[in-house]
Structure formats: C-alpha cells, structure tokens
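To start, the structure itself, in structure tokens.
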Amino acid sequence: MKYAYYPGCSADTSGKEYDKSFRLVAEALGVKLVDVPEWNCCGSHVTYVFNPTLAAALSARNLGLVEKIGEEIVVTTCSGCYQTLKRSNQLLKHDGEAQNRVKNALEAVNLSYSGNVKVRHALEVLTTDESLATLSQKVSKPLKGLKVAPYYGCALVRPKFEDSFDDPENPQSLDRLIKVLGAEPVPYSDKVRCCGGVLIMKREDVGLEMIRRLLVDAKQAGADCIVTPCALCHLNLDIMQPKVEQSFKLKINMPIFFFTQLIGLALSLKPSQLGLDNHMVPPVTLLQSKGILI
Amino acid sequence: MVSSEEPRIGVFICHCGGNISDVVDVEKVREAASKMPGVVVAETNRYMCSKTGLDLIKDSIKKYGLNRVVEASCTPRMHLNTFRRALVDTGLNPYLLDMVNIREHCSWVHTDKDTATEKAIAIVRGSVMRAHHLEPLQPEYRPVERSVMVVGGGVSGIFASLELANKGYQVYLVDRKPSIGGRMMQLSKTFPTLDCSTCILAPRMVEVGQHPNVKIITLAEPVKVSGSPGNYDVTLRIKPRYVDVSNCASCGDCAKKCPMKRVPNEHEAGLAYRTAIYLPFPQAIPQAYVIDPEHCLYFQKGTCKVCAKACTRGAINFDDKERLETIRVGAIVLATGIDVMDPSPLKEYSYGQHPDIVTNLQFERLLLQGMLRPSDKNVPKKVAFILCVGSRSPERAQAYCSKVCCMIALKQAFLLKEFHAESEPWVFYTDMRAAGKWYEEFYTRCREHGVKFVRGRVAEVKPNGSSITLRAEDTLLGAQIEENFDLVVLSTALLPSIGTKEVGQLVGMDTGPDGFLLEKHYKLEPVDGAWTGVYAAGCALGPKDVRESVVEAMSAASRASTFLGGGKIEVSPEKAFVIEDLCDGCGVCLQYCPKNALSISNGKATINPVSCIGCGICVPVCPKQAIDLKHNTEKQLLASIYGVSQGNLKPLIVAFTEKVVGYRAADMYGLDRRKYPPNIVIIEVPTTRRVGLKHVLHAFNAGADGVVFVEAEDNWYGLSKEDGLKQFRGHVSQIQRELRKFGVDAARVMAVAVTLPQYYKLEIFDTVVNRVKGAKPLTDDAKAKIKGVLSS
Amino acid sequence: MNTWSRKITPDMMDPNFETTLRKKLGEKGEKIPLCFQCGVCSGSCPVAFAMDFTPRQIMELIKLGVKDLVLNSSTIWLCAACYSCSVRCPQGVDLKQVMDTLKEMALEDPKYSVAEKAFYEKFIEVVRKNGRMDEVALYVKLMPKSTIMRNLGFGLKLYQKGKIHLSPTKSNSADQVAKIFEKVLAKEVQQQ
C-alpha cells in the first residue's frame, strides 16, 4: 500500500516519537509513505471557531498538495488533523460559497483541490484486516503480560463521518491491535472520554483534573500502561502526568505509548529508534518487568 | 324520472363556524351561486351539518321543489352520508346530491381571501354544472360471511375473539407463534393494580381455546388476501409443528430426552434455555409441544429422533409439512402486537457488554425467576431503571414516546423493593408520564416506598468490573451524577412487531412514519382500516397498555359485528356500463380492465357488475365511446371541467385527483393547514385513468391553463404497485405526446403519485403552478386546433 | 464567569439572540428549538464539572434569549469540542457546533471574552506567521512573564526530552500560507 503522509505540526515537537515510530513500523509492514511536500497547519479546530472558510482553505492547501504529487489518499498520525481535514472535505462538499472562496485562495498560490482526497488515520491503515494479518505474522516479540488500556480520545472517533472507520462509542481498532501484539486490552470505560485537549493551555486546573481522571481510571481498571493514537492526548497524559501527580499528590507512574511504539516493540525495534526515551514517564522499567526489554 | 325533469338546484354553503368563512367570503359565493344556471335557491348556514342546517336543506327541498342539491362544505369523506340522509328524508334519491369541498381543498389551504373566494365560486360552479346531469341510482346488496379472522393471539386478539365468538360469529384466531398468549404472558404483574399477568390472562386463553366458535390456528401467518368486504379470502401459510396437537398429552417425556438443551428461551427473553422440542410455556394454548427445526438435531444433521422414541403416544411426526390454507371470512381484525427494540445499536448503553445490563422485558422475567442478577445470581442492591432508551429520539432511534415505559419502570421499581426491601431502585426519567386512571397515585406510592427519581436522561452506561457505572445529569440540579449500580434496566422502545407493514398491505392498511398501522380516522375511526371490514386493535396501532388494548379489542369486535350483523353489504352502484348501440365489439376494453369484468357476448362488450369496481379505466380507451360510468358519466365529468374552468383565476390548473388516496391526501394537506396556490382546482375521479386525452382537451378548451394528475402510489384497483405506477406514468406521457401535436407545451400536464403518509408530496402543486406559468404560451392556433377536434 | 442572582428579568432577554444564532448555524440551527432538556449532553460532557452552566442549561438560556449569560459563560470556552454531546443528542442538536458558533459570536463582540480572544488570535497569528502551529511560540505569546518564569524548569525538562524547540518550527511554505490568509480574510472584509 502507498499513501501520502501528512505528519501535522506536532510531529516536530510533542509528537516527534510518534512520527518516527510510525515511519518505521509502516516500512516494516510494507506500507509506503510519501511525504506531502511543504505542508502547513491543517487549520485545526481553533481556526474553525475563528473562521471556518480560512480553516478549510488551510486544509485544502495540504489536500491540494496531495493531489499534486499524484496521490488519492492521505494518512495522518494526528487525530486532530484527521478530524480537521475530514471536516474541511465535508464543508467544501456542502458549502458552495466556501468552496468558491477556497478555490480563489488556492489559485493565489497556484494550487487547486478537487475535494476528492480521502483522509485516513495511521491507526486506520495499520489495523485493517489485511494489515493486522501481516502484523500477526511479523510479531517477533509478543508483548505478553502487558496490560494495556486502549485510549482512543475523541477526535479520532467523533464526529461520525460517512467514512469513519470506528465506532464513536465503543471503538475496537486499538483493542484488536493490542491482542494481535500479544498484549492484553484492559476494559476501560473512559476510552473515548476527552482528555481536555488544548484546555491545558487555557485552564490548567480543569485540564489537569480531566487528565487525572483518565489516568486514575486506567490504573483502577488494572492497566500497566495506556496506548493512544493521538499526539495531543499523549501530550496531556504523558507530559502533564508529573504535574497531575504533583497537584493531586498522587503516584501514578503510568507509561503512555503511541500505538506505533507498541507495534515497534513487538517487531523487536529498539526503544531508542521508537523514541521511548522521549517520554516524560519512562516506560523502560515496566517493559523490563514484563520481560519485553532486557 | 328525475333526470328528465328540468333541474331545480339548491346550493347550500356552510361557514363551518369560521373554518370556511374566515377565509372564503361565503356571502359572495352564495350570491354567485344563486345566479348559476338551474339554481333555484342558494343559502348559507353557520353549520350545515347541524340540525338547523339540515332542516334548512330539507325545508328548501320541499319549499322550492328541488330535485338536485349542491352542498359546499367540508370533505365528503366527513359528511357525505349526513347530507345524503337529508335528501332521503325528503324522498330524494341520495345520488342527486353533489358535494363541493370548500374547506380542506380551499379555506384551509389558501390564505388570500379574494382568490380563495374566487376559487370557491369556481368549484361550486363545477358542482352545479355537474348536478344538472346527476341521475338517481340504487345501491345493490350482497350477503356477507358471518366469520372473522383475528390475526395475532395476544391479549388484544384473545379479547377480540372472545367478544366476537360470544356474539355468535365464527372466529379464526391466527398466531405465528406456537401458542397464543403474546407479550402479556411474559409479564410479571400489571400496573397499577399489580395483578399477576399470567393469572388474569391464562383463564381467558383457556376460554378462547375451548370456545365452540373459535378455531385457533398457530404457527400461521396470512400471506394473501383477496375478495371484497364481507367476503375476504385469506390465505394462511401454516408452518409444521411436527407434533400432533390432538395426540400430545404435553407430558414432557420428549423434551427430557432431547439432546439440544441450550436453545435460548424466547419466553424467558433469552434469560434461560429450552430444548429443541418444547412447550412454549406451561400455560400454552394449544397445550402441545413443538419442534423448532432450526435447533433440532434431526433437521440440522439428519439423525436423532430421540423424542419420537420417547413419545408413547406417537404424537411426533417428522414428515409434517408447511401448507397453505385459504379461509373465507367476512371481516379481519389485525392484532399483531409489538416487539421490543434491540438496544445494542445505541452503544452508549453498552447492552450486551455486561450480563447485568438488561432490557425491561428481561427484567420482567428476572422478577418471575426470583429477582437475582444474571451474572452471579446475587441479590442486586442498587438497580437503575433508564427510561427513553430508543424512544423520543428522532435522530437516534424512534421519534415517538413508547408510552408505557414510565409505568413499567415504576411498577418494576416497586416490585423490586417488595422483593428485596433493602434494594435501592433509581429511576432516571426524561419526563414522568403517569397519565391514566390510578397512575399518578401509583407514582406517589413508589415515592412513598423509597424509589429514587432522577430527572435526566442517562448519557452513558459503562461496565466497570462487576458493577456498572452510569453517568447522567440531574437536570433539576444542573449537576452531573455518576453512580455505580448492580443491575441496569433499559426501558427500550417498543416497535411494531416484525411484519406489521406487510400484513397491513395485504388488507390495505398503511403504516405511519412510526411503523404502526394507520387507522382510518385518528380520532373518530380509531380501530377501522381503510377497507370496510378490516379492523385493528392493540399495539399494532401503537404502544399501549393492557387495559387500553382490551378496550380496542372490544371496539374492533364491535365494529366487525356491526358490519357483519346486517348479513349483507351495500355495493356501490357506481359501475361502468356499455351503451350497446355504439359498441362494435372490438374488445379493446378487455385488455385494460384490471378485474376482468369485461367480456364479449353476442358481438357486444358486457360488464359483470359483481366484478366491476368502477375504476373507469375502460371509459376513455373505447374507440367508439361506448362505455360510460355511473355517477361519473361523460356528461357529468365534462360539466365539472367546464364549470370549474370559467372565472378569473389565472392560470387555472385542473387537478384530476384519484378518489381513494389522492383525494384524501389533499384532505390531509388541508387538515395540516399547509398551503398551495388557489390556482389548483381539484376534480375527483375514480382513477386518473378515467380521464383521457379528450377530457384534457376539453379542459384547455374550457379555459384551463394546465392539468395535473394526482394518483395513488398503491392503487386500489388491483394492480401491483409497479404496474399501477408504470401504467399511470405511461398514460400521462401518452397525453403529453398527443398534446404536442396541438402545439401545447408538455409542461402544462404533470403527474404526481402519493401515499397517505406522504400526503405532503402535494407540495408539488407550487411547482405545478410555476411550471404552467413558465410554459410556452397557449397560442390561438393551438386553441383553434383543439376546438376543431372537439367539435368534429 | 457569570455572577447572577438566579433570577431572569426582562432586561436580560434579547429577543433576537436565538434567531441570530440559528441563522449562523444554517441547517443545523433548525434543530435548536427541538431541545427538550433531557440532559444527555451534560451527562456526556467531560468538562461539565467545571462549567458555570451545564451545556443543557446553555440550551435553555438560548431559548429564553438570555444572551449575556450565555456569551459570558465559562461553558462555551471550556467546551473541549469532543462531540460527545453531538453524537448522543436524541434530537440531533449538534451542540458542539452550537458552542463553536457561540464562541464565534462572543469573539465578534468586544463586550465579551477578552481573555479568551487572546488565545484564538495568538493561535491564528502563529499559524499565519509560521505556516504551522508551535506550542512554545503560542505559550510564550499567551502567558504572562511570571507564569513563564515559574514553568521554566518544566520547559527545560521538555527541551531535554526533545519535546520542544526554542526556535519556532516554520513551514517552508509560510509565505504561501500568509497569502491564503490574506486572500480569505480580504474577501471577508469585502463582504461585510
């Protein structure tokens, strides 16, 4: 399989290891990625509030670039970008006026966009029946004994688009993936409950409480770690975890993985290749205790 | 003979208390009518249907020697018989009345007073002109079959059957399940009196089972209905039971030996198992075992038959076959009941993900099984009852309120508390609907008994280890509430039972947008079907409780016996007839009759009056114009066309509207107070194919600017829906093609097919008017051509 | 945040508020009057615990036309846009979209939300300038110096983990993005 790849802004900062590990496991699984050249911010939910047409225009530039390099499907690791790009496709399809204005804006930078690029999430392309079958054959180091709470977040599964790949209330793709990797999915009632997203920047007190809840619930459900397909969720759950522990006087110590890192581990890739040392909550001790790392 | 007399017409215009006169200037209409040809007197009254109004008509008939009456008021579907009786009372033939619908088709659909009045005058003129040609007709009578088929053996079906059987009718009580009893037999106790459901229904089941006038046919469903009111032939598909009912002693030896012991038990709502040969439940009627071939080892794998060996009476017959049986009955009662919605598609409730998340029907069985949690058989302490799961959710599941869930939840919470005094029932509700005799009092009792109530629809239910977490807003506080429960009961929406639509279609009963059967009139004919002799009762018409189901069952029985009691049925005299002098026996008409009522004898076409249904399709196809239709004769139809087409409404569009569905759809459009331009004038016709090219040409000749055909999507004259629509469209496009030869733009002729639930499709009338306005002009040349053809 | 006396008086009602909101929402606005206050939205909301009005109460305030209470509420800014309410609403109200539109209305009117405006404006500014988002750049723009100083240690740790850069990430197409901004926003002005 071959896809255009749109990493999204977080790939350079908080989601660096996500980008890194995705490229590696994609290659290992025979998924070819072609980078969208000179991509820009998708617009994000924030621009949508400010000005939907502007947001759609920002998305459309990226999607136009995908067409320009001759691809029909773009895959992204960022759940926020995934939602925004899909939303823009929808807006351009249904709102004639926005469509016109976006068209004019793109013309100013010598680009065009037909509206037909399909937006897929990295989790989606790596958990198709076919991908999981390939993966199950390639797993060389099953993650035996690792109890993983699958945390999907919100932007990946909501709103429901016509071509959404998982259920907004009870998604299963991560659960299936965890099983294929030899680990054990922990039933987790908060798996689609929002982590607060950018609220952490605007209202830290509220953001921390939302993160606390997710971490504590996963812990109570018996999870050793949490896996997520979203860079923003990871930022909140991992980077902010020490702050949560500090503010609420708790000891949580819950490693947070990108799902691509778990795949990498099961494929025997090195922790440093997967960027595991970039995490605020170091996962090495846990992985050693389960015999996954020596 | 009245028809030979000079017409003396009285026109009676109704205010309808303002329903008409608020929009239509009734006095102006009266004045205009009084000047129309043949009109001797024109009167208005506040309510023509009142005694004063009717007396005015009767007195006028006598005083002025009237021999025709035109009544301008509401739809004839409402008061045709009322006004016909006024004629009969004064010795006039009832067919000498013509009604003009100036309410549903005028004052309720238009807002501009001047144009509405103009239109009212036009349609009154159409009626007056038609009245000139009305002829007295005599209805015919046919005997009826004194028997009734009741479809569905739940509480409604049982009570309808008993009521009819006790009145002396032969009843066939049909159920597709192996036993009668229905949903009510699955319930624990019934609110608000808390009688044991089985204890009150089982004796009636025995009674109906032993009644000499009742024949119970189980495992059976109707697949075809033909015939006519009073003489319906119902074909049943009867599935094999594989057990001879008369021989089975229901000893249970067979089931003991059956190796298939893990079949989900339907009666226990899946909360227990049964064998492949089984008794549906202890009180089953007929009291006999049945083999479920889908789970029987013999039917699945070809060997076993252990039950046959165990049966000492030889009651088991593996060679039993499915069969069809046709039964003639006078009337049919549908009591097909409800199903419970599967809540699993609403994933936020996590149904199926935890054994202690159950539906309210399953909770009924838990109450009867000893009130323990399914997962660990412990006593549940905290139990949540969640209302509106799938009900009142137009965007997620069902739009309607399932009506009984509030009371069911109250009852269940109450019974739980009685069972386990230490338990803690919580009821999460959207709006507490306890409207009914002694219902509010029961709600009070529940509060007294310590049932907790939270006003808020539950947002999510999540398994949480052995317990279940529930999140909601307590909307009275404006605060989120999060609680763990031992057992969660989902009050799921009630759906029409599977196949309701199909069985309804067999007997001409539509289903509404909610999927339940549509009664003939929501308020005044609440258990009648569209066809005479077809009735419905109970949950087939909508969710309801036992008491209400019984009331409807008895109503339906009463309606059926009223219909059959006279022993005969009046048959409309509105049938086609051959004008022998003109007929040359060419036989073209034979190909078109949907009922094969036409044949050729002695070189002339003849019509069998019993088979003819008066659709009028044969009339315009006769090349010799040798067929005509009583009460919708060529003269009458043309008079209507010329009558309505005069006047100042421009453009004027004649809507030839099929009488059964199309006309009623237009009525419903008015009932809903939707609007369309007054340029549309409706002429009722038996079917749109009664109207041929000739009539359309006459319409243009008379001054009309356009024509629209309104036909039923499901025709009443016996063609399949597809064929009916195909022929309808073919008919209209043929007319459009012919019109082009005269230089008339095809845009001036349009077609629309409607159903009753989709009456709003008539909003196309706006488009029709716009298209006619935008059509190429009707040139003088075209008009002259038309005139030329018509006069030759 | 709202401080109010739990009493709604005629002077608080803006009869045009609901209509304006509905118009802005287009087709989705038609669902607003269908709200029957069941509370599924608030029960689903992960941020409701911190709001001065629950999402359901915002719907009620909209229907009453109490504009100031709505546009001054913490609710609209705390909404994390997770769509939990929208996917579950039995009446099909897209409450997340309603919240977005309320934010838009509050941003347009200088009377409301001074603090919040900064976040949206700075976010857009960063994207306009760099073509991409950069958390550090946004953080520095948003936070008062004292907060930044207090979190310096944390920042350093993030830097060590490779989670942040000191110089903002810039798309090599930043000028093109700036052009798109110019073009879209210029049209906006013209239309007004």
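The values are calculated or read from the model by the stated rules, or taken from the named source; none is laboratory data. From a predicted model like this one, the values you see are computed outputs, not experimental measurements. All Cβ positions, glycine included, derive from the backbone under ideal geometry; neighbour counts span all protein chains shown.
At a glance:
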| item | result |
| --- | --- |
| Flag for C:THR75 being crowded, with 23+ Cβ neighbours inside 10 Å and within 7 Å of another protein chain (Cβ to nearest Cβ) | no |
| Matching option when the condition is of a type in the set (A, V, I, L, M), free of Cβ contacts under 8 Å to residues at least 60 places away in the same chain and either touching a helix residue (DSSP H, G or I) at 6+ places or on another chain (Cβ under 7 Å) or on the phi < 0 side of the Ramachandran plot (or both), among B:ILE291, B:ILE327 | B:ILE291 |
| Selection status of B:TRP438, free of Cβ contacts under 8 Å to residues at least 60 places away in the same chain and assigned by TED's automatic domain parsing to the domain that holds B:PHE385 | no |
| Selection within the stretch A:128-151 - in a loop (DSSP other than H, G, I, E, B) and under 14 Å from A:LEU181 (Cβ atoms) | A:VAL139, A:SER140, A:LYS141, A:PRO142, A:LEU143, A:LYS144, A:GLY145, A:LEU146 |
| Residues that are farther than 30 Å from B:TYR232 by Cβ, surrounded by fewer than 18 Cβ atoms within 10 Å (Cβ to Cβ) and under 34 Å from the mean Cα position of the chain (by Cα), drawn from the stretch B:328-382 | B:ASP342, B:SER344, B:PRO345 |
| The lone exception for B:LYS437 - which of (1) crowded, with 16+ Cβ neighbours inside 10 Å; (2) not in a strand (DSSP E or B) it fails | (1) |
| Any hit, the stretch B:178-199, residues being acidic (Asp, Glu), crowded, with 19+ Cβ neighbours inside 10 Å and modelled with pLDDT of 95 or more | no |
| Matching option when the condition is under 23 Å from A:ILE200 (Cβ atoms), in contact with a His (Cβ under 9 Å, 6 or more places away or on another chain) and either within 13 Å of chain B (Cβ to nearest Cβ) or of a type in the set (Gly, Ala, Ser) (or both), among C:ALA106, C:ALA81, C:ALA50 | C:ALA81 |
| Test: residue in the stretch A:248-255 that is in contact with an Asp or Glu (Cβ under 7 Å, 6 or more places away or on another chain) and buried (at least 17 other Cβ atoms within 10 Å of the Cβ) | yes |
| First in the stretch C:1-28 and of a type outside the set (Asp, Glu), second anywhere and surrounded by 12 or more Cβ atoms within 10 Å (Cβ to Cβ) and in a helix (DSSP H, G or I), Cβ under 6 Å, 6 or more apart | C:ASN2/C:LEU69; C:PHE17/C:LYS67; C:ARG22/C:GLY29; C:ARG22/C:ILE32; C:LYS24/C:THR101; C:LEU25/C:THR101; C:LYS28/C:GLN97 |
| Criterion (of a type in the set (Asp, Glu), modelled with pLDDT of 95 or more, closer than 29 Å to B:GLU502 by Cα and not in a loop (DSSP other than H, G, I, E, B)) met by exactly one of B:GLU348, B:GLU325 | B:GLU325 |
| Breaking point among (1) surrounded by 20 or more Cβ atoms within 10 Å (Cβ to Cβ); (2) among the charged types (D, E, K, R); (3) more than 22 Å from B:LEU541 (Cα to Cα), for B:ARG392 | (3) |
| Residue within the stretch B:302-322 that is over 21 Å from B:GLU482 (Cα atoms), aliphatic (A, V, I, L, M), in contact (Cβ under 8 Å) with a residue 12 or more places away in the chain and not assigned by TED's automatic domain parsing to the domain that holds B:MET554 present | no |
| Looking only at the stretch B:303-322, and only at residues there that are within 45 Å of the chain's Cα centre (by Cα) and in a loop (DSSP other than H, G, I, E, B), the one that is surrounded by the most Cβ atoms within 10 Å (Cβ to Cβ) | B:ALA315 |
| The stretch B:447-468, residues that are surrounded by fewer than 21 Cβ atoms within 10 Å (Cβ to Cβ) and either outside any loop (DSSP other than H, G, I, E, B) or aliphatic (A, V, I, L, M) (or both) | B:ARG447, B:GLU448, B:LYS452, B:PHE453, B:ARG455, B:PRO463, B:ASN464, B:SER467 |
| Flag for B:ARG471 being within 22 Å of C:GLY43 (Cα to Cα), part of a loop (DSSP other than H, G, I, E, B) and within 12 Å of chain C (Cβ to nearest Cβ) | no |
| Segments classed as helices (runs of 4 or more DSSP H), wholly inside the stretch A:193-242, with at least 3 members that are touching a residue at least 24 places away in the same chain (Cβ under 8 Å) | A:204-220, A:231-234 |
| Residue within the stretch C:6-17 that is within 26 Å of B:PRO394 (Cβ to Cβ) and either in a helix (DSSP H, G or I) or at the interface with another protein chain (Cβ under 7 Å from one of its Cβ atoms) (or both) present | yes |
| Those strands (runs of 3 or more DSSP E) lying entirely in the stretch B:549-660 with at least 3 residues under 30 Å from B:GLY157 (Cβ atoms) | B:568-571 |
| Selection within the stretch A:167-192 - more than 8 Å from every other protein chain (Cβ to nearest Cβ), in contact with a strand residue (DSSP E or B) (Cβ under 7 Å, 6 or more places away or on another chain) and part of a loop (DSSP other than H, G, I, E, B) | A:ALA183, A:VAL186, A:TYR188, A:LYS191 |
| In the stretch B:654-708, the residues that are basic (Lys, Arg) and either crowded, with 24+ Cβ neighbours inside 10 Å or closer than 22 Å to B:GLY774 by Cα (or both) | B:LYS675, B:ARG689 |
| Subset of the stretch C:108-147 [modelled with pLDDT of 85 or more, within 30 Å of C:PHE36 (Cβ to Cβ) and crowded, with 19+ Cβ neighbours inside 10 Å] | C:TYR112 |
| Flag if B:PRO757 is in contact with a Cys (Cβ under 9 Å, 6 or more places away or on another chain) and not assigned by TED's automatic domain parsing to the domain that holds B:CYS593 | no |
| Top-ranked residue in the stretch C:84-101 [being in a helix (DSSP H, G or I) and charged (D, E, K, R); ranked as farthest from the other protein chains (Cβ to nearest Cβ)] | C:LYS96 |
